[in-house]
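Below is one structure, written out as structure tokens; the observations come after it.
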Amino acid sequence: MIPLSSKIAAAQRNRGTIFVEDAVLVEKKCYASQQFKLRLTAPKIAGTARAGSFVHIQCGPGIQLRRPLSILRTDAVEGWIEIMFKVVGHGLRQLSDAKIGDRHSCIGPVGHGFEPHPDKPRTLLVGGGVGIPPLILLTAQLLADNKDWRPLVLMGSEVPFPFDLSASALQAEWAPGDAFKTVALLEDWGVPARLASLAGIHGCYKGFVTGLAHSFLHTLAPDELLQTEIYACGPLPMLHAVARLAVQFGLPCQVSLEEFMACGVGGCAGCIVEVHSPDGPLMQRVCVDGPVFEAGHIFVDALESSTT
């Protein structure tokens, strides 16, 4: 059980940073395998969202529980946010049927996102499936920052990627020969990226995205590894594999967890995970204490396996 003092501290920390907005759907795009991208006007959320934070959105009439969805992109000037999701269940099915002009109550931005460290300018972003969106936003925020960030984005999916793809002209000698396609948006931004899939998607590395990550990390010299940090979001098995990879190469690693949520703002404690801190194990809420955690605080067995 979370102590009352911790709940009060969390509430005070988040006061004035989470908004409720009646967001209007202004753009909708459908991709293969029932994947959707929605753009909604939500100026307060757009002005404060950080990569890794999410919105808790009302899917439609008759759907009582909101759904937590990662933020893909924002524009603070124009006041919009983009979210991306794959239809799973009745709630997201109804959200996918939304029409331009429909209004959806959004709570956000919720949660603590990724925290890049300037002394680790080599940022390796690893995303899988519906865990890809926050890494797009992280890339955009790194590019907007006035620092010497050098992001590399690796993505894995077992269904067609919900982005426009293109052959990459950006340098990536480390990449296997079958991995030559990239996300056109990232290519336009000048950010190298490569894709992985076991579904036989042309231009993608045939294997897990962690295999691509290993191929890249294996080429780095010791001084380059000292400048590298991993950021990951995706299904739990992928995050576990990324955590082991981070241990293997001695790298810091931040992971964004996906968890079922009811209230989404820390009240119900329905998204509790065990976090292993230097002071011992803690039970923390993915929604407001996360969703981003240090990988070694979640996947303790990855650290233990490195010492056996």
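If you scan the range 151-183, which residues turn out to be assigned to a strand (DSSP E or B) and touching a Leu at 6+ places or on another chain (Cβ under 9 Å)?
The first filter runs over the range 151-183 and keeps only residues assigned to a strand (DSSP E or B), leaving 151-156, 165-167, 181-183.
The answer is P151, L152, V153, L154, M155, G156, L165, K181, T182, V183.
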First in the range 131-159 and modelled with pLDDT under 95, second anywhere and of a type in the set (A, V, I, L, M, F, W, C) and surrounded by 23 or more Cβ atoms within 10 Å (Cβ to Cβ), Cβ under 6 Å, 6 or more apart:
G131/C233
What is the one condition in (1) under 24 Å from G264 (Cβ atoms); (2) outside the structural domain of A32 (by TED's automatic domain parsing); (3) of a type in the set (A, V, I, L, M, F, W, C); (4) surrounded by 24 or more Cβ atoms within 10 Å (Cβ to Cβ) that C106 does not satisfy?
(2)
Give K181, K147 a once-over and let me know the one that is within 22 Å of the chain's Cα centre (by Cα) and surrounded by 15 or more Cβ atoms within 10 Å (Cβ to Cβ).
K181
Of the conditions (1) crowded, with 18+ Cβ neighbours inside 10 Å; (2) not in a helix (DSSP H, G or I), H117 clears all except one; give me its number.
(1)
Hey, R194 among the charged types (D, E, K, R), over 18 Å from the mean Cα position of the chain (by Cα), at negative phi and not in a loop (DSSP other than H, G, I, E, B) or not
no
Residues satisfying the stated conditions in the range 244-296, i.e. in a loop (DSSP other than H, G, I, E, B) and of a type in the set (D, E, K, R):
E258, E259, D279, D289
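The values are calculated or read from the model by the stated rules, or taken from the named source; none is laboratory data. Every value quoted in this text rests on a predicted model; they were computed, and no experiment measured them. Positions of Cβ are generated from backbone atoms using ideal geometry, with glycine treated the same way; all protein chains shown enter the neighbour counts.
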